[in-house]
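The values are calculated or read from the model by the stated rules, or taken from the named source; none is laboratory data. These numbers come from a predicted model, not from an experiment. Note that we place each Cβ from the backbone using ideal geometry, even for glycine, and neighbour counts take in every protein chain shown. Calculation scope for accessible area: heavy atoms of the full protein, side chains included, ligands and nucleic acids excluded. Shrake-Rupley method; radii C 1.70, N 1.55, O 1.52, S 1.80 Å.
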Amino acid sequence: MDWGLAQDLIAMGVTPLAVGQTSGYETWVGQPKLPPGTHNLGLRSQPNLELLSQLDPDRILITGMYAALKPKLAAVAPVTTVDVYFTPGPVWDKTVAAAKKLGRITHRPQAAQALIQRTEEAVRHAAQRLPDDVAPLLVIQFSDAQHVYVFGRGSLIGATLQRMGLTNAWQGETSRWGSAQIPLSRLASVQTGRVVVMGPIPVGLRQRLAHNRLWQSLATVRNAPVVYIPGVWSFGGLPSASRFARLVTAALRSAPASGPGWPEQTERSS
């Protein structure tokens, strides 16, 4: 049911029989790709139980997010909960623990350990390639032209920043998932830092921001050129951490020293 679990499994060499909302996975998660032939179960919150029964899975994996589905799913196959955000503790440790649990479930503990090591190495390598004196980063994702998700304490994004030796500019409140959906105007409270915009971008947003005085007046937008990275599934597994580390380092290395940055830079280069 969960894209983060699917990510980890695929990265461990395990092919999921079926995943919820496969088209959404391709848009929001991206990597690793779903193997050919992976069945689409429909909505993650309302899976196609008839199809699931026909597929006759060995086991169904969920997180605490889908606990209400467990009785119905258990009528099809054994259900196991592998969780990160509904249990206490540091998000990085819980994400690693989830990968280890998936390794035990699939009888591939060595593949799980290899994934953990690859992730640690990828994050460390990305950190070593960062430019000097990177300002605190304000990582946001637009939900519409007036609202953003910002990633702070308790998020995989924030944990990855920390492991890269970077400072998270957002010190405000966050939800269970380590993010907060806030009006664009709330970003005015952050006076120091550099904005990292994470895709995907709502249709027409770039054009609207070009005429948005609030956006242009933000201190973090004026401080340094805004940088953009493609989408990362911020509630995902270890592949999301290594993908974010790689993308944010590449974006910072190629960012202009001055000027408006994203979205103008993106539009000129497209």
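For the chain, give me the percentage of DSSP beta bridges that are antiparallel, rounded to the nearest 5 percent.
About 40 percent, rounded to the nearest 5.
Find which of 21, 49, 69 sits farthest along the positive direction of the dipole of the stretch 12-100, computed with +1 on the beta-carbon of Lys and Arg, -1 on that of Asp and Glu, about the Cα centre.
Towards the positive end, the residue furthest out is 69.
Among the lysines, which fall within straight-line cross-link reach of residue 33, defined as a Cα-Cα distance under 22 Å, with same-chain neighbours fewer than 8 residues apart omitted?
100, 101
Quick check on the chain: helices-only [θ] at 222 nm, where DSSP H runs of length 4 and up contribute -39,500 (n - 2.57) each and the sum goes over total residues. Nearest 500, please.
Counting only the DSSP helices, I get -11500 deg cm²/dmol.
Between the stretch 117-162 and the stretch 174-233, what is the C-alpha centre distance in whole Å?
After rounding, the separation between the Cα centres reads 13 Å.
Pull up all non-local amide H partners of residue 18: gap of 5 or more, or a different chain, and H-to-H distance under 5 Å with H placed in the peptide plane.
Those lying under 5 Å, H to H, from residue 18 are 39.
Determine the dipole magnitude for the chain: charges of +1 sit on the beta-carbon of Lys and Arg, -1 on that of Asp and Glu, nothing else is charged, the reference point is the Cα centre, and the result goes in debye to the nearest 20.
280 debye
Could you check how many percent of all C-alpha pairs in the stretch 144-254 are farther apart than 20 Å? Don't jump to the answer; show the numbers that get you there.
On the way: 2368 of 6105 pairs.
In whole percent, the long-distance tail amounts to 39.
Ranked from highest to lowest mean number of other Cβ atoms within 10 Å per residue, what is the order of the peptides 191-202, 15-26, 65-76?
So the order, starting with the most tightly packed, is 191-202, 15-26, 65-76.
Treating only the Cβ atoms of Lys and Arg (+1) and Asp and Glu (-1) as charged, compute the dipole magnitude of the stretch 72-141 about its Cα centre; round to the nearest 20 debye.
Charge dipole of the stretch 72-141: 460 debye, to the nearest 20.
Report the antiparallel proportion of the DSSP beta bridges in the stretch 136-270 as a percent, rounded to a multiple of 5.
Antiparallel bridges: around 50 percent, rounded to the nearest 5.
Could you please report the charge total around residue 245, scoring K, R as +1 and D, E as -1 over all other residues with beta-carbon less than 9 angstrom from its beta-carbon?
Charge balance near residue 245 sits at +4.
Using a 1.4 angstrom probe on heavy atoms only, work out the carbon and sulfur share of the accessible area of the stretch 159-270 in %.
Ligands and nucleic acids excluded, carbon and sulfur give 49 percent.
At 20 Å minimum axial length over the Cα atoms and a Kyte-Doolittle cut of -1.0, report the qualifying DSSP H helices in the chain, or say none.
Numbers: long enough: 91-105 (21 Å, 0.03); 109-128 (29 Å, -0.61); 238-254 (25 Å, 0.44).
Sorted by number, the helices that extend far enough and score high enough are 91-105, 109-128, 238-254.
Tell me which of 263, 223, 179 sits at the most positive position along the dipole axis of the stretch 127-270, charges placed on C-beta atoms (Lys, Arg +1; Asp, Glu -1).
179
Ranked highest first by the average count of other Cβ atoms within 10 Å around their residues, in what order do 220-233, 106-119 fall?
Numbers: 220-233: 19.9, 106-119: 16.9.
Packing proxy ranking, top to bottom: 220-233, 106-119.
Find the accessible area per residue for the chain; the probe is 1.4 Å, ligands and nucleic acids are left out, and the unit is Å².
47 Å²
Local charge sum around residue 114 (other residues, Cβ-Cβ under 13 Å, Lys/Arg +1, Asp/Glu -1)?
Around residue 114, the charge tally is 0.
For the stretch 33-186, what percent of Cα pairs sit more than 17 Å apart?
It works out to 72 percent of all Cα pairs.
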